[in-house]
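S.K.: The following block contains the structure, expressed as structure tokens.
The values are calculated or read from the model by the stated rules, or taken from the named source; none is laboratory data. This one's a predicted model, so the numbers in the text were calculated from it and none came from an experiment. With ideal geometry, Cβ positions are generated from the backbone for all residues, glycine too; neighbour counts draw on all protein chains shown.
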Amino acid sequence: MSGYSAGSDCVVLLHGLARSASAMETMEQALTDAGYFTVNVDYPSRQHAVEQLAPMAIAPALAKCRAEHSPAIHFVTHSMGGILLRQYTKDHQIAELGRVVMMGPPNQGSQVVDNLKDVPGFEAFNGTAGMQLGTGEQDLPRQLGPVTFELGIIAGTRSINLLLSNYLPNPDDGKVSLENTKVAGMCALVSVNVSHPFLMKRQKVISQVLHFLQYGKFSGDNAAHFVCPAQLTSTLARNVPDYIPK
């Protein structure tokens with residue numbers, strides 16, 4: 001962690017379902033090189049429901065950031081990691097919460113879960129938390145409400161899993177459709193031609209993550225920015241549309 005110094009902002013990294021902290025190591029190194037103190041969380045994503053996983057993963061990470069006296073605590077999440085953060089911030093306030101980048105988050109759930117949840121073996125592989133990620137109004141993602149923090153979303157539009165893409169509205173990343181990554185209250189959205197499993201490893205994504213953490217917006221012509229509660233007093237939020245979920 002040679003890139004950061006005492007008092008640097010902290011970035012907490014949260015991996016997705018059926019993965020581990022090692023999946024976020026490339027992203028972690030880039031953040032460290034950029035001067036952030038990083039906490040790359042490993043949590044048992046298939047062993048508990050989201051309501052239990054969220055405090056289990058996030059509370060110890062916050063303690064590590066605070067031990068470093070970080071003035072701001074940012075989050076970079078992949079897939080279900082974003083749902084953990086939404087669950088945690090619904091139940092707890094993070095006074096130092098800075099900016100958040102979610103990569104491929106199922107913020108409105110995934111039709112993959114809708115269609116495959118009753119298939120033998122699906123629950124065994126994806127666990128209780130995976131079963132919570134459907135698109136129904138009763139499913140967890142639809143119950144969490146708008147976000148109130150400064151959020152940028154990176155959505156993949158390339159799939160290497162054509163079987164799963166058959167269940168998803170295009171464009172999609174093979175696990176989550178672009179439309180279902182969106183959530184009310186988000187500040188920015190950018191799409192990248194990257195598939196779900198590789199979002200946290202590709203340089204074009206890493207560059208967008210670093211840009212949003214520094215400036216509160218994405219770069220490039222296909223980046224969209226919205227009025228969001230967390231930026232209402234900033235110049236970025238002026239003269240941009242509000243995002244209204246469908």
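S.K.: Please identify the pairs in which a residue from the range 12-35 that is free of Cβ contacts under 8 Å to residues at least 24 places away in the same chain has its Cβ atom under 6 Å from the Cβ atom of a residue that is part of a loop (DSSP other than H, G, I, E, B) and surrounded by fewer than 18 Cβ atoms within 10 Å (Cβ to Cβ), counting only partners at least 6 apart or on another chain.
M.R.: Ser20/Asp42; Ala21/Asp42
S.K.: Considering only the range 159-186, state which residues are in a loop (DSSP other than H, G, I, E, B) and within 13 Å of the chain's Cα centre (by Cα).
M.R.: Val176, Lys182, Val183, Met186
S.K.: Let me ask you something else. Restricting to the range 130-158, give me the number of residues that are surrounded by 14 or more Cβ atoms within 10 Å (Cβ to Cβ), part of a helix (DSSP H, G or I) and touching an Asp or Glu at 6+ places or on another chain (Cβ under 9 Å).
M.R.: 3
S.K.: Cβ-Cβ under 7 Å, sequence separation 6+ or interchain: first residue in the range 106-120 and without any contact (Cβ under 8 Å) to a residue 24 or more places away in the chain and farther than 14 Å from Glu137 by Cα, partner in a helix (DSSP H, G or I) and among the aromatic types (Phe, Trp, Tyr). Which pairs?
M.R.: none
S.K.: Can you give me the number of residues within the range 155-170 that are in contact with a strand residue (DSSP E or B) (Cβ under 9 Å, 6 or more places away or on another chain), in contact (Cβ under 8 Å) with a residue 12 or more places away in the chain and more than 28 Å from Gln231 (Cα to Cα)?
M.R.: Of the residues in that region, 5 qualify.
S.K.: Sticking with this one: Scanning for something closer than 23 Å to Gly134 by Cβ and of a type in the set (Phe, Trp, Tyr), does the range 25-39 turn up at least one residue?
M.R.: No.
S.K.: Counting only residues that are out of contact with any strand residue (DSSP E or B) (no Cβ under 7 Å at 6 or more places or on another chain) and closer than 17 Å to Ala223 by Cα, how many does the range 186-201 have?
M.R.: Residues flagged as out of contact with any strand residue (DSSP E or B) (no Cβ under 7 Å at 6 or more places or on another chain) and closer than 17 Å to Ala223 by Cα within the range 186-201 amount to 1.
S.K.: Any residue in the range 46-58 that's at negative phi: show its pairings with residues that are assigned to a helix (DSSP H, G or I) and surrounded by fewer than 17 Cβ atoms within 10 Å (Cβ to Cβ) at Cβ separation under 6 Å, as long as the two are six or more apart or on different chains.
M.R.: Taking only residues 6 or more apart or on different chains, the pairs are Ala49/Thr128.
S.K.: Now, a different point. State whether one or more residues within the range 63-77 are touching a helix residue (DSSP H, G or I) at 6+ places or on another chain (Cβ under 7 Å), of a type in the set (A, V, I, L, M, F, W, C) and in a helix (DSSP H, G or I). Working first, answer last.
M.R.: If we filter the range 63-77 for residues that are touching a helix residue (DSSP H, G or I) at 6+ places or on another chain (Cβ under 7 Å), which is where we start, we get 73-77.
Subset that is of a type in the set (A, V, I, L, M, F, W, C): 73, 75-76.
If we keep only those that are in a helix (DSSP H, G or I) as well, we get none.
No, every residue in the range 63-77 fails to be touching a helix residue (DSSP H, G or I) at 6+ places or on another chain (Cβ under 7 Å), of a type in the set (A, V, I, L, M, F, W, C) and in a helix (DSSP H, G or I).
S.K.: Let me ask another. Test Asn115 against the criterion of being surrounded by 14 or more Cβ atoms within 10 Å (Cβ to Cβ), modelled with pLDDT under 95 and out of contact with any Gly (no Cβ under 6 Å at 6 or more places or on another chain), and give yes or no.
M.R.: Here the answer is no, as Asn115 does not meet what is asked.
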